[in-house]
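The values are calculated or read from the model by the stated rules, or taken from the named source; none is laboratory data. Bear in mind the structure is a predicted one, so any value in this text is a computation, not a measurement. When we count neighbours, we look across all protein chains shown, and the Cβ atoms used for this are built from the backbone with ideal geometry, even at glycine. Note: accessible area is taken over every heavy atom of the protein model, side chains too, but ligands, DNA and RNA are not part of it. Shrake-Rupley method; radii C 1.70, N 1.55, O 1.52, S 1.80 Å.
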Amino acid sequence: MAKDFYDKVAKKFGGYGYGTSPRYKSEYPTGSPEIIFKEKLLGLSSKNKIALDVGCADGKFTLSIAPSFQKVYGIDTSKINLDVAKSHNEDERSKNVEYSLQDASHTSFEDSFFEIAYCRRGPSYYEEYHRVLKIKGHYLEIGIGEMDTIELKKIFGRGQGFGKWDKSRLDKNLKKLQDLGFQVVFAENYHYFEYYLSYEEFDLFLQGVPIFEDFDSEKDRVSLQKYVKKFSTDKGIQLSRHRLVLVMQKVS
Ligand SMILES: C[S@@+](CC[C@H](N)C(=O)[O-])C[C@H]1O[C@@H](n2cnc3c(N)ncnc32)[C@H](O)[C@@H]1O
(Lines give C-alpha, C1' and ligand atoms only; values in the text may rest on other atoms or scores of the structure.)
Protein backbone atom coordinates (compact mmCIF):
# COMPACT_ATOMS: atom_id res chain seq x y z
CA MET A 1 0.00 0.00 0.00
CA ALA A 2 2.69 2.53 1.03
CA LYS A 3 4.65 2.13 -2.21
CA ASP A 4 1.55 2.76 -4.31
CA PHE A 5 0.63 5.70 -2.11
CA TYR A 6 3.99 7.46 -2.56
CA ASP A 7 3.99 6.76 -6.31
CA LYS A 8 0.46 8.16 -6.54
CA VAL A 9 1.37 11.33 -4.63
CA ALA A 10 4.56 11.84 -6.64
CA LYS A 11 2.64 11.44 -9.90
CA LYS A 12 -0.05 13.86 -8.83
CA PHE A 13 2.14 16.56 -7.30
CA GLY A 14 5.50 16.03 -9.02
CA GLY A 15 7.28 14.63 -5.97
CA TYR A 16 6.86 14.36 -2.21
CA GLY A 17 8.66 17.37 -0.72
CA TYR A 18 8.64 19.25 -4.03
CA GLY A 19 4.96 18.66 -4.55
CA THR A 20 2.11 19.85 -2.33
CA SER A 21 2.45 23.23 -0.70
CA PRO A 22 -0.65 23.93 1.37
CA ARG A 23 -0.41 27.10 3.42
CA TYR A 24 -0.15 26.67 7.16
CA LYS A 25 1.63 28.12 10.16
CA SER A 26 3.37 26.11 12.85
CA GLU A 27 3.76 26.77 16.56
CA TYR A 28 6.55 24.87 18.29
CA PRO A 29 6.42 25.16 22.09
CA THR A 30 9.67 23.19 22.47
CA GLY A 31 11.41 23.81 19.14
CA SER A 32 10.96 22.54 15.60
CA PRO A 33 11.81 18.81 15.36
CA GLU A 34 12.75 19.21 11.68
CA ILE A 35 15.28 21.91 12.51
CA ILE A 36 16.62 19.96 15.48
CA PHE A 37 16.95 16.79 13.39
CA LYS A 38 18.86 18.65 10.66
CA GLU A 39 21.13 20.33 13.23
CA LYS A 40 21.94 16.94 14.77
CA LEU A 41 22.65 15.44 11.34
CA LEU A 42 24.84 18.31 10.20
CA GLY A 43 26.58 18.28 13.59
CA LEU A 44 27.71 14.71 12.83
CA SER A 45 28.50 15.35 9.16
CA SER A 46 31.95 15.44 7.61
CA LYS A 47 33.47 15.38 4.13
CA ASN A 48 35.01 12.02 5.12
CA LYS A 49 31.68 10.40 5.91
CA ILE A 50 29.31 8.41 3.70
CA ALA A 51 25.61 8.63 4.57
CA LEU A 52 22.51 6.61 3.77
CA ASP A 53 19.17 8.39 3.33
CA VAL A 54 16.46 5.79 3.93
CA GLY A 55 13.24 6.63 2.09
CA CYS A 56 14.73 9.67 0.36
CA ALA A 57 11.60 10.21 -1.83
CA ASP A 58 12.16 13.09 -4.28
CA GLY A 59 15.54 13.91 -2.77
CA LYS A 60 14.74 17.42 -1.63
CA PHE A 61 16.20 16.90 1.83
CA THR A 62 19.01 14.67 0.49
CA LEU A 63 20.25 17.52 -1.70
CA SER A 64 20.06 20.00 1.15
CA ILE A 65 22.59 18.07 3.25
CA ALA A 66 24.68 16.42 0.50
CA PRO A 67 27.39 19.14 0.39
CA SER A 68 28.31 18.32 3.99
CA PHE A 69 29.17 14.67 3.23
CA GLN A 70 31.63 12.81 1.04
CA LYS A 71 28.70 10.98 -0.51
CA VAL A 72 25.02 10.34 0.24
CA TYR A 73 23.17 7.27 -1.03
CA GLY A 74 19.42 7.82 -1.28
CA ILE A 75 17.19 4.76 -1.45
CA ASP A 76 13.45 4.49 -1.92
CA THR A 77 10.86 2.00 -3.19
CA SER A 78 8.91 4.69 -5.07
CA LYS A 79 10.25 4.80 -8.64
CA ILE A 80 8.31 7.94 -9.51
CA ASN A 81 9.82 9.80 -6.55
CA LEU A 82 13.31 8.59 -7.48
CA ASP A 83 12.78 9.78 -11.05
CA VAL A 84 11.98 13.24 -9.65
CA ALA A 85 15.11 13.05 -7.46
CA LYS A 86 17.28 12.06 -10.44
CA SER A 87 15.81 14.85 -12.59
CA HIS A 88 17.71 17.32 -10.39
CA ASN A 89 21.06 15.93 -11.50
CA GLU A 90 22.08 19.26 -13.03
CA ASP A 91 22.04 20.68 -9.50
CA GLU A 92 25.63 21.09 -8.29
CA ARG A 93 24.74 19.35 -5.00
CA SER A 94 23.73 16.16 -6.87
CA LYS A 95 27.37 15.39 -7.68
CA ASN A 96 27.90 13.42 -4.50
CA VAL A 97 24.46 11.80 -4.34
CA GLU A 98 23.54 8.40 -5.73
CA TYR A 99 19.92 7.25 -5.83
CA SER A 100 18.72 3.68 -6.16
CA LEU A 101 15.46 1.80 -6.10
CA GLN A 102 15.87 -0.42 -3.06
CA ASP A 103 13.80 -1.80 -0.24
CA ALA A 104 15.26 -0.61 3.06
CA SER A 105 14.63 -4.01 4.66
CA HIS A 106 17.33 -5.70 2.52
CA THR A 107 19.72 -3.32 0.82
CA SER A 108 22.60 -4.11 -1.51
CA PHE A 109 25.21 -2.33 0.64
CA GLU A 110 28.10 -4.16 2.25
CA ASP A 111 28.28 -4.59 6.03
CA SER A 112 29.72 -1.54 7.85
CA PHE A 113 29.66 0.63 4.72
CA PHE A 114 28.24 3.84 6.23
CA GLU A 115 29.28 6.26 8.95
CA ILE A 116 25.74 7.67 9.07
CA ALA A 117 22.29 6.36 8.26
CA TYR A 118 19.23 8.55 8.66
CA CYS A 119 15.53 8.32 8.11
CA ARG A 120 12.98 11.15 7.86
CA ARG A 121 9.58 9.60 8.43
CA GLY A 122 10.55 6.55 6.41
CA PRO A 123 10.61 2.83 7.26
CA SER A 124 12.27 1.48 10.42
CA TYR A 125 14.28 -1.60 9.42
CA TYR A 126 16.70 -1.22 12.28
CA GLU A 127 18.48 -4.54 11.81
CA GLU A 128 19.46 -3.55 8.31
CA TYR A 129 20.61 -0.07 9.39
CA HIS A 130 22.69 -1.69 12.12
CA ARG A 131 24.24 -4.06 9.57
CA VAL A 132 25.30 -1.35 7.11
CA LEU A 133 26.68 1.02 9.77
CA LYS A 134 30.27 0.99 10.98
CA ILE A 135 30.97 0.60 14.69
CA LYS A 136 30.71 4.11 16.20
CA GLY A 137 28.52 5.10 13.26
CA HIS A 138 25.29 7.00 13.92
CA TYR A 139 21.65 6.38 13.10
CA LEU A 140 19.32 9.39 13.16
CA GLU A 141 15.59 9.40 12.82
CA ILE A 142 12.73 11.84 12.80
CA GLY A 143 9.62 9.74 13.21
CA ILE A 144 5.92 10.10 13.79
CA GLY A 145 4.69 9.94 17.36
CA GLU A 146 1.64 8.02 18.55
CA MET A 147 -0.30 11.23 19.28
CA ASP A 148 0.15 12.70 15.82
CA THR A 149 -3.14 14.13 14.40
CA ILE A 150 -4.96 11.98 16.94
CA GLU A 151 -8.16 14.10 17.09
CA LEU A 152 -8.43 13.99 13.30
CA LYS A 153 -7.99 10.20 13.20
CA LYS A 154 -10.60 9.82 15.95
CA ILE A 155 -13.18 11.74 13.92
CA PHE A 156 -12.33 9.77 10.75
CA GLY A 157 -12.23 6.50 12.72
CA ARG A 158 -9.13 5.42 10.82
CA GLY A 159 -5.65 6.58 9.79
CA GLN A 160 -1.95 5.87 10.16
CA GLY A 161 -1.41 3.77 13.29
CA PHE A 162 -5.01 4.37 14.47
CA GLY A 163 -5.91 1.83 17.16
CA LYS A 164 -2.41 0.33 16.91
CA TRP A 165 -0.07 3.01 18.20
CA ASP A 166 -1.13 2.70 21.84
CA LYS A 167 2.30 2.99 23.47
CA SER A 168 5.18 5.47 23.30
CA ARG A 169 6.74 4.97 19.89
CA LEU A 170 9.90 6.67 21.09
CA ASP A 171 10.32 4.15 23.92
CA LYS A 172 9.51 1.25 21.61
CA ASN A 173 12.02 2.37 18.96
CA LEU A 174 14.71 3.03 21.56
CA LYS A 175 14.26 -0.42 23.03
CA LYS A 176 14.58 -2.10 19.62
CA LEU A 177 17.66 -0.06 18.76
CA GLN A 178 19.31 -0.67 22.12
CA ASP A 179 18.67 -4.41 21.81
CA LEU A 180 20.51 -4.36 18.48
CA GLY A 181 23.62 -2.67 19.91
CA PHE A 182 22.89 1.04 19.65
CA GLN A 183 23.43 3.53 22.46
CA VAL A 184 21.22 6.60 22.94
CA VAL A 185 22.88 9.93 22.13
CA PHE A 186 19.69 11.98 21.96
CA ALA A 187 15.99 11.12 22.17
CA GLU A 188 13.08 13.54 22.45
CA ASN A 189 9.35 13.84 21.80
CA TYR A 190 8.02 17.03 20.17
CA HIS A 191 4.38 18.08 20.40
CA TYR A 192 3.37 21.11 18.35
CA PHE A 193 0.52 22.62 16.32
CA GLU A 194 -0.12 23.45 12.71
CA TYR A 195 -2.81 25.92 11.63
CA TYR A 196 -4.24 25.56 8.11
CA LEU A 197 -5.49 28.75 6.55
CA SER A 198 -8.65 27.33 4.95
CA TYR A 199 -10.66 24.15 4.43
CA GLU A 200 -9.23 23.87 0.90
CA GLU A 201 -5.63 24.15 2.13
CA PHE A 202 -6.29 21.49 4.75
CA ASP A 203 -7.90 19.20 2.16
CA LEU A 204 -4.89 19.67 -0.14
CA PHE A 205 -2.55 18.81 2.72
CA LEU A 206 -4.44 15.55 3.40
CA GLN A 207 -4.20 14.54 -0.27
CA GLY A 208 -0.39 14.55 -0.11
CA VAL A 209 0.40 12.83 3.20
CA PRO A 210 -0.06 9.26 4.45
CA ILE A 211 -2.26 10.13 7.45
CA PHE A 212 -5.08 8.54 5.42
CA GLU A 213 -3.56 6.77 2.42
CA ASP A 214 -7.09 6.43 1.03
CA PHE A 215 -8.11 10.05 1.66
CA ASP A 216 -10.88 11.11 -0.71
CA SER A 217 -11.97 14.77 -0.77
CA GLU A 218 -15.55 13.80 -1.69
CA LYS A 219 -16.08 10.68 0.42
CA ASP A 220 -14.41 12.21 3.47
CA ARG A 221 -16.13 15.60 3.22
CA VAL A 222 -18.52 15.05 6.16
CA SER A 223 -15.75 13.91 8.53
CA LEU A 224 -13.48 16.72 7.43
CA GLN A 225 -16.21 19.32 7.89
CA LYS A 226 -16.86 17.94 11.37
CA TYR A 227 -13.17 18.26 12.27
CA VAL A 228 -12.88 21.75 10.79
CA LYS A 229 -15.93 22.92 12.74
CA LYS A 230 -14.52 21.59 15.99
CA PHE A 231 -10.91 22.73 15.54
CA SER A 232 -11.27 26.12 13.82
CA THR A 233 -9.47 28.85 15.75
CA ASP A 234 -8.63 32.46 15.00
CA LYS A 235 -5.19 31.23 13.87
CA GLY A 236 -6.67 28.69 11.42
CA ILE A 237 -7.67 25.01 11.52
CA GLN A 238 -5.64 23.49 14.31
CA LEU A 239 -3.87 20.17 13.88
CA SER A 240 -1.84 18.63 16.69
CA ARG A 241 1.42 17.04 15.59
CA HIS A 242 3.80 14.69 17.36
CA ARG A 243 7.31 13.87 16.22
CA LEU A 244 10.19 12.02 17.79
CA VAL A 245 13.82 12.71 17.12
CA LEU A 246 16.53 10.24 18.01
CA VAL A 247 20.25 9.96 17.52
CA MET A 248 21.84 6.58 18.23
CA GLN A 249 25.41 5.31 18.07
CA LYS A 250 26.32 1.77 17.11
CA VAL A 251 28.47 0.42 19.94
CA SER A 252 28.32 -3.31 19.29
C1 LIG B 1 6.94 10.16 4.45
S2 LIG B 1 7.95 9.86 3.05
C3 LIG B 1 9.35 10.79 3.53
C4 LIG B 1 10.22 11.17 2.40
C5 LIG B 1 11.50 11.93 2.74
N6 LIG B 1 12.36 11.17 3.64
C7 LIG B 1 11.18 13.28 3.34
O8 LIG B 1 11.55 13.49 4.47
O9 LIG B 1 10.59 14.12 2.66
C10 LIG B 1 8.47 8.17 3.25
C11 LIG B 1 9.30 7.62 2.08
O12 LIG B 1 9.76 6.31 2.45
C13 LIG B 1 9.67 5.48 1.32
N14 LIG B 1 9.61 4.07 1.75
C15 LIG B 1 8.60 3.45 2.39
N16 LIG B 1 8.91 2.15 2.63
C17 LIG B 1 10.15 1.95 2.12
C18 LIG B 1 11.03 0.83 2.08
N19 LIG B 1 10.67 -0.35 2.60
N20 LIG B 1 12.24 0.99 1.52
C21 LIG B 1 12.61 2.19 1.00
N22 LIG B 1 11.82 3.29 1.01
C23 LIG B 1 10.60 3.17 1.56
C24 LIG B 1 8.41 5.93 0.60
O25 LIG B 1 8.38 5.54 -0.75
C26 LIG B 1 8.50 7.45 0.78
O27 LIG B 1 9.16 8.07 -0.28
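In this structure residue 185 has an accessible area near 80 Å², from a 1.4 Å probe over the protein heavy atoms. A simple count of charges around residue 230, restricted to other residues whose Cβ falls under 12 Å of its Cβ and scoring Lys, Arg +1 and Asp, Glu -1, yields +2. Over segment 2-250, the Kirkwood radius and the radius of gyration, each from Cα atoms, give a ratio Rg/Rh of 0.97. Of the accessible area of the chain, computed with a 1.4 Å probe over protein heavy atoms only, carbon and sulfur atoms account for 51 percent.
With the Cα gyration tensor of segment 1-106 giving a ≥ b ≥ c as the square roots of its eigenvalues, does the rule (a/c under 1.5 for rounded; else a/b larger than b/c for prolate; else oblate) give rounded, prolate or oblate? Note, shape of segment 1-106 comes out oblate. Between segment 37-74 and segment 104-165, the C-alpha centres lie 16 angstrom from each other.
Computed from backbone phi, the HN-Hα couplings of segment 149-166 come to 6, 4, 5, 5, 5, 5, 5, 6, x, 6, x, 3, x, 4, x, 10, 7, 9 Hz, rounded to whole numbers (Karplus: 6.51 cos²θ - 1.76 cosθ + 1.60, θ = phi - 60°; Gly and Pro given as x). Please sort through the DSSP H helices of the chain and keep those with an alpha-carbon extent of at least 20 Å along the long axis and a Kyte-Doolittle average not below 0.0. Qualifying helices, which must be both long enough and hydrophobic enough, do not occur. Suppose R0 equals 30 Å. What FRET efficiency, 1/(1 + (r/R0)^6) with r the Cβ-Cβ distance, do residue 222 and residue 32 give to the nearest 0.05? So the FRET efficiency works out to roughly 0.35. In the context of the full set of protein chains, residues of the chain present 49 Å² of accessible surface per residue (probe radius 1.4 Å, heavy atoms only).
Here the Karplus relation 6.51 cos²θ - 1.76 cosθ + 1.60, evaluated at θ = phi - 60°, turns the backbone of segment 52-68 into coupling constants of 10, 9, 7, x, 6, 6, 7, x, 4, 5, 3, 5, 5, 10, 3, x, 8 Hz, with x for every Gly and Pro. Among 43, 145, 122, the largest mean-square fluctuation in a Gaussian network model of the chain, built with springs joining Cα atoms closer than 10 Å, belongs to 43. Projected label points at residue 199 and residue 135, each 7 Å from Cα along the beta carbon direction, are separated by 6.2 nanometres.
For the residues 77, 62, 107, a GNM of the chain with alpha-carbon springs under 10 Å puts the largest fluctuation on 107. Comparing 35, 75, 50 in a Gaussian network model of the chain where C-alpha atoms under 10 Å apart are linked, the largest mean-square fluctuation is found at 35. Here each label is just a point 7 Å from Cα along the line to Cβ, and for residue 121 and residue 4 those points are 2.2 nm apart. The stretch between residue 39 and residue 151 holds 37.3 nm of extra length on full extension. This uses 0.36 nm per residue minus the Cα-Cα distance.
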